[in-house]
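Okay, so here's the structure we're looking at.
The values are calculated or read from the model by the stated rules, or taken from the named source; none is laboratory data. Here the structure is a predicted model, which means the values were calculated and not measured. So basically every Cβ, Gly included, is an ideal-geometry build from the backbone, and we count neighbours across all protein chains shown.
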Amino acid sequence: MIRRRTTTDTPAGIDRRTMLRNGGLAVGVGALLSACAKNFGGDTAPGRVGVADEATSLPDGEINDVVLVRTMQSLEHSVAEALRLMTEAGGYSAALQTYVDRFAADHAANGAALGALAEANGGESYACPNTWFMSRYVEPMYGAVASSDDVQRDCRAATHALETMLAHSYQFLVGLTTEPEHRRQMMLLGASAARRSAMLAAQASAGTHGYLGPSLNADAPETDGLGFPIPYAVPSTFGRVDQVPVVVGAVDDEGSRFSTTLQTPAENTFVYDYLSC
Amino acid sequence: MSGSAHYVGLHRSEHADDRERTTPVNQSPTATDTPDTEHDGLRRRLMAGGLAAAALGVIGSRTASAAPNELSAREMELLRFAQLLELTARDLYDAATAAGAPGPLWEAMSEQHEAYAQAIASITGLSATGRNDAVYDAQVEGFRTDSVLAAHALESAAAATHTELLAHITQAHAAEVIASIVSSESRHCVVLADVAGLGTNLDINLINSADPLELP
């Protein structure tokens, strides 16, 4: 049996049911009115905490042939700078220093040629190292090399990796470059980089492991007994554009050495028109 | 320097007659080969074709190329010229091997040039058969008697020729393939110089002084 409350228990005017009904009505009408209201303006951005400066976004960069040429120019300067650092650190044997001096001269000449090519096509020469590449690759690598247990071993490996990266980069950018003549001029330098890479590899490991890499010779190992990548003069049938592994430096407390992979240029490495040095 | 190239390529199907289509890509190139040679040749061509396909996959996977376009009749002619040069190099290395040149390295070189011809076949549809007889006839004696220096000269000329070719190819993918061949043949030059005892000669190793072959 249901026993109803007597109405005399409730104060006159507002009971619970009335309050719920009126409250729901007010919320519903409010939602309707705000949906139909005009836009009165105001800041719609998320609120900020603190007093940091407003973030400024980079200009939109167009990727064109001039940008690609300037990017390779910056990489030539980056490799030249890396060779200079390693030379100053006494990182090369007398015989290898002869090669490196020649390589450095070639990088300077290549940088000048690319700068001239950029200017001939309405761009600005970019005769300085690539900031992103230096901070991400060269500086950490050099830091590991400089404190290595075998500086000459590591300088030779780093130099080979940098020259290989250049060869890969020139070849990779052929697919992004639009003018055929610019492709030709880029690959003239790309072929030179491939030759420098192959020469270093042949001198370093051909006597022990041969010229042909693991993809061509099943007996050719990828790494030596200490885990260092073995360079090969002909690592594969076709020229490659993949990343280049580098292992340098002394063994750390965890039993490993500094390692990285050098990569061909991408949007974050390109030297856009709005950049100058 | 323009931001985008203006492509004036002709549709491939309009020029189907310009191409050799009578022989499957992997068929042995000559009818006079012995059965054993045919077997070896087929195996080699299958390997080379596989390598070419794998390499093209790698090359293609990293690129963000300009919009593809069809190859013009002129581009097809130039790529056929490049393909015949690669097949000629293969035959010259084979001739050197038959004349007693050291085996594994020469066989590898031969297979690589076969792979380059197959790669060009994959982008043009042209069968990887035949060779440039003028180049072969001019070089074969050198390959039989002093194969290292002859091979160095041929690789240098091939790399120079393919580099020159890049100035005439508008299609990005075709240019990528040719560029990868240039890179690899430049490495071949260094290897051959090292085999010849010239591995520390900076000028020979770093400068390609060969003239490109005259393009058709």
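Here are a few things to note about the model shown:
- Candidates are the residues of region A:178-195 that are more than 7 Å from chain B (Cβ to nearest Cβ) and closer than 12 Å to A:Glu163 by Cβ; the one that is surrounded by the most Cβ atoms within 10 Å (Cβ to Cβ) is A:Ala193.
- Screening A:Ala198 with (1) under 20 Å from A:Val244 (Cβ atoms); (2) touching an Asp or Glu at 6+ places or on another chain (Cβ under 8 Å) gives one miss only, at (2).
- If you check A:Gly225, A:Gly239 for being in a loop (DSSP other than H, G, I, E, B) and within 17 Å of A:Leu262 (Cα to Cα), only one passes: A:Gly239.
- Residue check for A:Ser276: assigned to a loop (DSSP other than H, G, I, E, B), away from chain B (no Cβ under 14 Å), small (Gly, Ala, Ser) and touching a residue at least 40 places away in the same chain (Cβ under 8 Å): yes
- Cross-chain or 6+ apart pairs with Cβ under 6 Å, region A:47-74 first and in a loop (DSSP other than H, G, I, E, B), then surrounded by 10 or more Cβ atoms within 10 Å (Cβ to Cβ): A:Pro59/A:Tyr274; A:Gly61/A:Tyr272; A:Asn64/B:Gly3
- Here A:Ala202, A:Ala198 are screened, and the one residue that is at pLDDT 95 or above, under 26 Å from the mean Cα position of the chain (by Cα) and within 7 Å of chain B (Cβ to nearest Cβ) is A:Ala198.
- Per this entry, A:Ser135 is counted among residues that are among the small types (Gly, Ala, Ser), more than 14 Å from chain B (Cβ to nearest Cβ) and closer than 15 Å to A:Pro265 by Cβ.
- Condition check for B:Leu213: facing chain A (nearest Cβ under 7 Å) and farther than 25 Å from A:Ala95 by Cα: no
Conditions tested, residue by residue: (1) modelled with pLDDT of 95 or more; (2) surrounded by 21 or more Cβ atoms within 10 Å (Cβ to Cβ); (3) aromatic (Phe, Trp, Tyr); (4) under 17 Å from the mean Cα position of the chain (by Cα).
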{"position": "B:Ala54", "(1), (2), (3), (4)": "no, no, no, yes"}
{"position": "B:Gly57", "(1), (2), (3), (4)": "no, no, no, no"}
{"position": "B:Ser65", "(1), (2), (3), (4)": "no, no, no, no"}
{"position": "B:Leu92", "(1), (2), (3), (4)": "yes, yes, no, yes"}
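- The helices (runs of 4 or more DSSP H) found wholly in region B:98-204 and carrying at least 2 residues that are among the β-branched types (Val, Ile, Thr), facing chain A (nearest Cβ under 9 Å) and closer than 24 Å to A:Ser197 by Cβ occupy B:172-195.
Results for (1) aliphatic (A, V, I, L, M); (2) within 26 Å of B:Leu202 (Cβ to Cβ); (3) within 14 Å of chain B (Cβ to nearest Cβ), shown as yes or no for each residue.
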residue	(1), (2), (3)
A:Tyr92	no, yes, no
A:Leu96	yes, yes, yes
A:Ala105	yes, yes, yes
A:Ala109	yes, yes, yes
A:Ala112	yes, yes, no
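- Single match in A:Leu226, A:Leu262, A:Leu216 (criterion: without any contact (Cβ under 8 Å) to a residue 40 or more places away in the chain and surrounded by 17 or more Cβ atoms within 10 Å (Cβ to Cβ)): A:Leu216
- Of all the listed residues (B:Ala193, B:Ala175, B:Ala210, B:Ala167), the sole one being within 18 Å of the chain's Cα centre (by Cα), buried (at least 18 other Cβ atoms within 10 Å of the Cβ) and not hydroxyl-bearing (Ser, Thr, Tyr) is B:Ala175.
- The combined condition, being among the small types (Gly, Ala, Ser), surrounded by fewer than 23 Cβ atoms within 10 Å (Cβ to Cβ), touching a Leu at 6+ places or on another chain (Cβ under 9 Å) and more than 8 Å from every other protein chain (Cβ to nearest Cβ), is not fulfilled by A:Ala161.
- A:Ser169 hydroxyl-bearing (Ser, Thr, Tyr) and more than 20 Å from the chain's Cα centre (by Cα): no
- For region A:205-219, a residue qualifies if it is within 11 Å of chain B (Cβ to nearest Cβ) and outside any strand (DSSP E or B), and the qualifying residues are A:Ala206, A:Gly207, A:Gly210, A:Tyr211, A:Gly213, A:Ser215, A:Leu216, A:Asn217, A:Asp219.
- Selection from region A:225-241 of residues that are more than 11 Å from chain B (Cβ to nearest Cβ) and under 30 Å from B:Ile181 (Cβ atoms): A:Phe228, A:Pro229, A:Ile230, A:Pro231
Residues checked against (1) more than 22 Å from A:Ala191 (Cα to Cα); (2) among the small types (Gly, Ala, Ser); (3) not in a helix (DSSP H, G or I):
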{"residue": "A:Arg84", "(1), (2), (3)": "yes, no, no"}
{"residue": "A:Gly91", "(1), (2), (3)": "yes, yes, yes"}
{"residue": "A:Leu114", "(1), (2), (3)": "no, no, no"}
{"residue": "A:Ala118", "(1), (2), (3)": "no, yes, no"}
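- Filtered by the rule that a residue be within 14 Å of chain B (Cβ to nearest Cβ) and either among the charged types (D, E, K, R) or part of a loop (DSSP other than H, G, I, E, B) (or both), region A:242-267 gives A:Asp242, A:Gln243, A:Gln263, A:Thr264, A:Pro265, A:Ala266, A:Glu267.
- Just one of the listed residues (A:Ala198, A:Ala191) is assigned to a helix (DSSP H, G or I) and in contact with a Lys or Arg (Cβ under 6 Å, 6 or more places away or on another chain), and it is A:Ala198.
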